[in-house]
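These notes concern the structure reproduced below.
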Protein chains: 2
Amino acid sequence: MSDFRIRRATADDIPDIVAMLADDPLGARRESPDDPAPYRAAFETLDRDPKQRLVVAVRDGRTIGTLQLTLIPGLSRRGATRSIIEAVRIHADERGSGLGTRLIEWAVEESRREGCVLVQLTSDATRTDAHRFYERLGFEASHVGFKLPLV
Amino acid sequence: MSDFRIRRATADDIPDIVAMLADDPLGARRESPDDPAPYRAAFETLDRDPKQRLVVAVRDGRTIGTLQLTLIPGLSRRGATRSIIEAVRIHADERGSGLGTRLIEWAVEESRREGCVLVQLTSDATRTDAHRFYERLGFEASHVGFKLPLV
């Protein structure tokens, strides 16, 4: 696991990121890898937002993981900034390799650098393996995550 | 409930918002209403961030509720934007009045106007009244919310 690096995503990474988003029991129904236009538009919005960190893990020119970190300023907790981790995906060939741990550790360290007091994320209630993974990394399952689809 | 309005918060609203954040079983330990400096700095960051909507509900010049809505662009779900509701507070004198429902409905409508496909929030596992409230509004408790404190 020593020979990969985590870097900011570029527009050239979009197809690899979308392929990973789609290669997932929940993601397969939600993505359209053959239609790049909406992904390119969203990437441009992400890329110019200073509160966003969309990153990829790359080894030997292959994209093997991705994660999105959002910094959220707020008044609560004495004007604290928190961060939210979304869209964590590991390439199918790399699962179980420790890369997921390294990506989350990167997100936690980046959150510390930015002065966040808290890192948070939600995980679908059916992803029980993911829950154990986050608890091993020190996260506490202290909250209930509610979602309301608008479409 | 017809005589209040929901509007964007201004710097003058900070003391009232902080008082509501502190008047809460969990918030009382986390806030310092007598020290406005960190709240003012955080307000400035929020106020200039186009993805942030910090609002107050006001009636007869009294601030009776607050909510923070964050728009989060992303690649997943075909480049969808989602929104996150945080820091919902209702003044103690107004609880049970339906104002909470109106604030959440405002956040959902604002999310629709901004093209979001999903509204999400997390609620502390101990706030069971809040869970029933969100479920009545159509939210599904489909996720587990994980938090990692950094301080």
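If you average 1/r over every pair of different alpha-carbon atoms in chain A and take one over that average, what Kirkwood value in Å do you get?
Numbers: mean 1/r = 0.0608 Å⁻¹.
One over the average 1/r among Cα pairs gives 16.4 Å for chain A.
Averaging sequence separations of C-alpha pairs under 8 Å and six or more residues apart, then dividing by the length of chain B, give the relative contact order as a whole percent.
Details: 186 pairs, mean separation 27.7, N = 151.
Dividing the mean separation by the residue count of chain B yields 18 percent.
Excluding residues on the same chain fewer than 8 positions from A:K51, give the aspartates and glutamates whose Cα lies under 12 Å from its Cα.
Straight-line reach from A:K51, under 12 Å: A:E110, A:E114, B:D49.
From the label point of A:T126, set 7 Å along Cα to the beta carbon, how far off in nm is each other copy's matching point, shortest first?
Shortest to longest, the spacings are 3.3 nm.
Could you calculate the contour length gain from B:R29 to B:E109, that is, 0.36 nm times the residue separation minus the distance between their Cα atoms, to one decimal place in nm? Write out the running numbers ahead of the final one.
Numbers: separation 80, 0.36 × 80 = 28.80 nm, distance 3.24 nm.
Length difference between fully extended and current span is 25.6 nm.
Taking the label point 7 Å from Cα in the Cβ direction, how far apart in nm is A:R113 from each other copy of itself, listed shortest first?
3.6
Which of the lysines could be linked to A:K147 by a straight reach, that is with a Cα gap under 18 Å, when you skip same-chain ones fewer than 8 residues away?
Answer for A:K147, where 18 Å is the Cα cut-off: B:K147, listed by chain and number.
Distances in nm, one decimal, shortest first, from A:A28 to the same residue in every other copy, taking the label point 7 angstrom along Cα→Cβ.
Ordered by distance, the counterparts are at 5.1 nm.
How much accessible area per residue does the protein assembly as shown have, counting only protein heavy atoms and a probe of 1.4 Å, in square angstrom?
On the way: 13900 Å² over 302 residues.
Roughly 46 Å² per residue, with all protein chains present.
When every alpha-carbon pair in the protein assembly as shown is counted, what percent end up more than 26 Å apart? Could you put the intermediate results ahead of the total?
Numbers: 20501 of 45451 pairs.
For the protein assembly as shown, the share of Cα pairs beyond 26 Å comes to 45 percent.
Calculated from DSSP H runs of 4 or more alone, at -39500 (n - 2.57) each and per residue, what is the 222 nm mean residue ellipticity of chain B, nearest 500? Mind dumping the intermediate values first?
Numbers: 5 runs with 48 residues, N = 151.
Helices in chain B give a 222 nm mean residue ellipticity of -9000 deg cm²/dmol.
Between chain A and chain B, with a rotation axis joining them, whose C-beta in A is nearest that axis, and what is the whole-Å distance?
Taking the axis that maps A onto B, the answer comes out as A:G145, 2.
The values are calculated or read from the model by the stated rules, or taken from the named source; none is laboratory data. Bear in mind the structure is a predicted one, so any value in this text is a computation, not a measurement. Don't worry about glycine lacking a Cβ; one is built from the backbone with ideal geometry, like all the others, and counts go over all protein chains shown. Just the protein is used for accessible areas: all its heavy atoms, side chains included, with ligands, DNA and RNA removed. Shrake-Rupley method; radii C 1.70, N 1.55, O 1.52, S 1.80 Å.
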